[in-house]
Amino acid sequence: MDSTTRTSRSAGHGDGPLRERAVSWEDFAAQVAELVEWPPDKVLRTTRVIEDLCLDSLSLAELVVILVERYDMSGLWQTLEDRVWENLTVGALYDEYLTGSPPGTRRSSTR
(Lines give C-alpha, C1' and ligand atoms only; values in the text may rest on other atoms or scores of the structure.)
Protein backbone atom coordinates (compact mmCIF):
# COMPACT_ATOMS: atom_id res chain seq x y z
CA MET A 1 0.00 0.00 0.00
CA ASP A 2 1.46 3.37 -0.95
CA SER A 3 1.21 6.67 0.94
CA THR A 4 -1.40 8.11 -1.45
CA THR A 5 -3.77 5.30 -0.54
CA ARG A 6 -3.17 5.94 3.14
CA THR A 7 -4.12 9.62 2.88
CA SER A 8 -6.84 9.51 0.23
CA ARG A 9 -9.81 9.78 2.60
CA SER A 10 -11.05 13.30 3.19
CA ALA A 11 -12.41 13.94 6.66
CA GLY A 12 -16.10 14.62 6.75
CA HIS A 13 -16.92 12.89 3.45
CA GLY A 14 -18.88 9.69 3.92
CA ASP A 15 -19.87 9.25 0.29
CA GLY A 16 -17.06 6.87 -0.64
CA PRO A 17 -16.49 3.22 0.21
CA LEU A 18 -14.60 2.20 3.29
CA ARG A 19 -10.88 2.54 2.66
CA GLU A 20 -8.56 -0.45 2.67
CA ARG A 21 -6.00 1.53 4.65
CA ALA A 22 -8.31 1.75 7.63
CA VAL A 23 -6.96 1.01 11.08
CA SER A 24 -8.42 -2.21 12.44
CA TRP A 25 -11.09 -2.20 15.11
CA GLU A 26 -8.59 -3.88 17.46
CA ASP A 27 -6.04 -1.08 17.03
CA PHE A 28 -8.70 1.61 17.40
CA ALA A 29 -10.13 -0.02 20.54
CA ALA A 30 -6.61 -0.47 21.96
CA GLN A 31 -5.95 3.26 21.55
CA VAL A 32 -9.17 4.11 23.41
CA ALA A 33 -8.33 1.53 26.08
CA GLU A 34 -4.87 3.01 26.56
CA LEU A 35 -6.30 6.48 27.11
CA VAL A 36 -8.88 5.35 29.64
CA GLU A 37 -6.55 2.79 31.23
CA TRP A 38 -8.77 -0.19 30.49
CA PRO A 39 -7.71 -3.62 29.24
CA PRO A 40 -8.06 -3.53 25.42
CA ASP A 41 -10.30 -6.61 25.38
CA LYS A 42 -12.81 -4.77 27.61
CA VAL A 43 -13.43 -1.98 25.09
CA LEU A 44 -16.19 -3.32 22.88
CA ARG A 45 -18.12 -1.82 19.97
CA THR A 46 -21.06 -1.43 22.38
CA THR A 47 -19.01 0.30 25.10
CA ARG A 48 -20.55 3.72 25.72
CA VAL A 49 -18.04 6.56 25.79
CA ILE A 50 -19.47 8.48 28.75
CA GLU A 51 -21.48 5.94 30.71
CA ASP A 52 -19.26 2.85 30.49
CA LEU A 53 -15.82 4.41 30.24
CA CYS A 54 -16.78 6.97 32.93
CA LEU A 55 -15.12 9.83 31.07
CA ASP A 56 -15.32 13.28 32.56
CA SER A 57 -15.14 16.36 30.32
CA LEU A 58 -11.33 16.51 30.44
CA SER A 59 -10.92 12.83 29.55
CA LEU A 60 -13.47 13.22 26.75
CA ALA A 61 -11.52 16.18 25.39
CA GLU A 62 -8.31 14.10 25.50
CA LEU A 63 -10.04 11.30 23.60
CA VAL A 64 -11.24 13.74 20.94
CA VAL A 65 -7.73 15.18 20.54
CA ILE A 66 -6.25 11.70 20.06
CA LEU A 67 -8.93 10.68 17.56
CA VAL A 68 -8.47 13.88 15.57
CA GLU A 69 -4.67 13.66 15.55
CA ARG A 70 -4.17 9.93 15.00
CA TYR A 71 -7.18 9.08 12.87
CA ASP A 72 -7.82 12.30 10.94
CA MET A 73 -11.27 12.65 12.50
CA SER A 74 -11.37 16.43 12.20
CA GLY A 75 -15.16 16.27 11.94
CA LEU A 76 -15.17 15.69 15.70
CA TRP A 77 -14.04 19.28 16.23
CA GLN A 78 -16.86 20.56 14.04
CA THR A 79 -19.52 18.61 15.92
CA LEU A 80 -18.04 18.61 19.42
CA GLU A 81 -20.57 20.93 21.06
CA ASP A 82 -23.61 19.77 19.08
CA ARG A 83 -22.88 16.06 19.43
CA VAL A 84 -24.97 13.98 21.77
CA TRP A 85 -22.37 12.04 23.76
CA GLU A 86 -24.77 10.15 26.00
CA ASN A 87 -25.06 6.57 24.74
CA LEU A 88 -22.50 7.18 21.96
CA THR A 89 -20.47 4.00 21.62
CA VAL A 90 -16.83 3.38 20.78
CA GLY A 91 -18.14 1.38 17.82
CA ALA A 92 -20.01 4.44 16.53
CA LEU A 93 -16.80 6.47 16.75
CA TYR A 94 -14.97 3.74 14.85
CA ASP A 95 -17.68 3.73 12.18
CA GLU A 96 -17.32 7.51 11.94
CA TYR A 97 -13.59 7.05 11.45
CA LEU A 98 -14.24 4.56 8.63
CA THR A 99 -16.89 6.59 6.82
CA GLY A 100 -16.01 10.18 7.76
CA SER A 101 -19.66 10.70 8.69
CA PRO A 102 -20.78 11.44 12.27
CA PRO A 103 -23.46 9.14 13.71
CA GLY A 104 -25.58 12.04 14.96
CA THR A 105 -24.67 15.66 15.39
CA ARG A 106 -27.91 17.22 16.45
CA ARG A 107 -29.76 16.79 19.68
CA SER A 108 -32.84 14.70 19.18
CA SER A 109 -35.96 14.23 21.21
CA THR A 110 -35.84 10.48 20.61
CA ARG A 111 -33.68 8.14 22.65
**Asked** So what does Tyr94 come to for accessible area, using a 1.4 Å probe and Å² rounded to 10?
**Response** 20 Å²
**Item:** Tail beyond 17 Å, pair distance distribution of segment 53-94 (Cα, percent)
**Value:** 22 percent
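Would you mind telling me the share, in percent, of accessible area of segment 51-91 contributed by carbon and sulfur at probe 1.4 angstrom?
On the way: 1110 of 2190 Å².
Here carbon and sulfur together make up 51 percent of the probe-accessible area.
Add +1 for every Lys or Arg and -1 for every Asp or Glu among the other residues with Cβ under 13 Å from the Cβ of Ile66, and state the total. Let's see the in-between values first.
Numbers: positive: Arg70; negative: Asp27, Glu34, Glu62, Glu69, Asp72.
With Lys, Arg at +1 and Asp, Glu at -1, the neighbours total -4.
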**Asked** How would you order 56-66, 23-33 from highest to lowest mean count of nearby Cβ atoms within 10 Å?
**Response** 23-33, 56-66
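What full-extension length gain, to one decimal in nm, is calculated for Arg45 and Asp82 as 0.36 nm per residue of separation minus the Cα-Cα distance? Working shown, then result.
Values: separation 37, 0.36 × 37 = 13.32 nm, distance 2.23 nm.
Fully extending the segment from Arg45 to Asp82 adds 11.1 nm.
The values are calculated or read from the model by the stated rules, or taken from the named source; none is laboratory data. None of these values were measured; they are calculated from a predicted model. We place every Cβ from the backbone using ideal geometry, glycine too, and count neighbours over all the protein chains shown. What goes into the accessible areas is simple: the full protein's heavy atoms, side chains included, and nothing from ligands, DNA or RNA. Shrake-Rupley method; radii C 1.70, N 1.55, O 1.52, S 1.80 Å.
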